[in-house]
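Notes for the one structure printed next.
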Amino acid sequence: RKSGDAKKMVMLDAVWFDGRGAEEHKIVTLYGDSIDVSGIKVSGDKDYTFTGTAFNMHAQDSNRLKDVDYENTLLKEGRGKPTLANGNATYNNIADYIKLNEGTLALGDGVVITHGATVSAGTMTAESGTALEILGQSTFNNYNINFNGDDNKLSIAREAQGLNLSGTSSLNLSNAMVQVDLNRTMDQAAITVGEHASLYLDQSSLRLI
């Protein structure tokens, strides 16, 4: 999408999924080793599931698009829920920034999110009322995840689900709720904190279901 007009996508475009169309749940299948884009924005009231290969967000000066405010960024707006079920341990989803401005972002099993070469660590920010839902074993590598708004929620609601913090990742929860299913064995951690990673809790609550 360029300058407000829908066009055939080319590599390193900024891509906007705006929820148009009759389907309430849209499946987006990505092919190849990775898809190079400048940034991704998901808005509107429709749900999306992304499958297949990984996103690689790395805006370059020659590919900067007019009026785009989500370069190197996965930007979530609107009430619809995007589910990232794409990429794997070999081909990671690469984004320097994730911004949850509204609604819920879900991560599927085996999804890995890391940062690009322009920053030393990725950053995820969440506005009040937004949520991150873990649907399998999902990993953030060298990523700072910040839930500093009011009524944020991190959901890891089933026994086979878990959030893995690797590298220098940190999870900062302030005034947030973590929902975890107790029906798991001792070796099924809800949150795994790596050797150099960190977990911070401040005025947050843990709900066991």
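Extending 7 Å from Cα along the Cβ direction at Arg20 and again at Asp150 yields two label points whose distance is 3.6 nm.
Model label sites at Ile27 and Asn101, defined 7 Å from Cα along the beta-carbon direction, differ in position by 3.0 nm.
Would you kindly state how much longer the chain becomes between Arg207 and Asp109 on full extension, computed as 0.36 nm times their sequence separation minus their alpha carbon distance, in nm to one decimal?
Between Arg207 and Asp109, full extension yields 33.1 nm more.
Counted residue by residue at 0.36 nm each, then reduced by the alpha carbon distance between them, the extension gain from Met186 to Val119 reaches 20.5 nm. How big is D for the stretch 1-145, in µm² s⁻¹ as a whole number, if Stokes-Einstein is applied with the Kirkwood radius of its Cα pairs at 4 °C and 1.567 mPa s? In µm²/s, the coefficient rounds to 86.
Cα convex hull, the stretch 106-209: 93 Å³ per residue, rounded to a whole number.
With R₀ fixed at 22 Å, the C-beta to C-beta distance from Asp67 to Met11 puts the FRET efficiency at about 0.65. Positive end of the dipole of the stretch 55-151 (Cβ unit charges, origin at the Cα centre): among Gly78, Gly110, Met124, the Cα lying farthest that way belongs to Gly110. Our coupling estimate for the stretch 158-174, obtained by passing each phi through the Karplus curve with A = 6.51, B = -1.76, C = 1.60 and θ = phi - 60°, is 10, 5, 8, 9, x, 9, 10, 9, 10, x, 9, 4, 9, 10, 10, 10, 10 Hz, Gly and Pro reported as x.
All of the numbers you see were taken from the coordinates with simple rules; none came from a lab. A quick note: this is a predicted structure, and the numbers were derived from the prediction, not measured. Every residue, glycine as well, gets a Cβ built from its backbone with ideal geometry; the counts of neighbours run over all protein chains shown.
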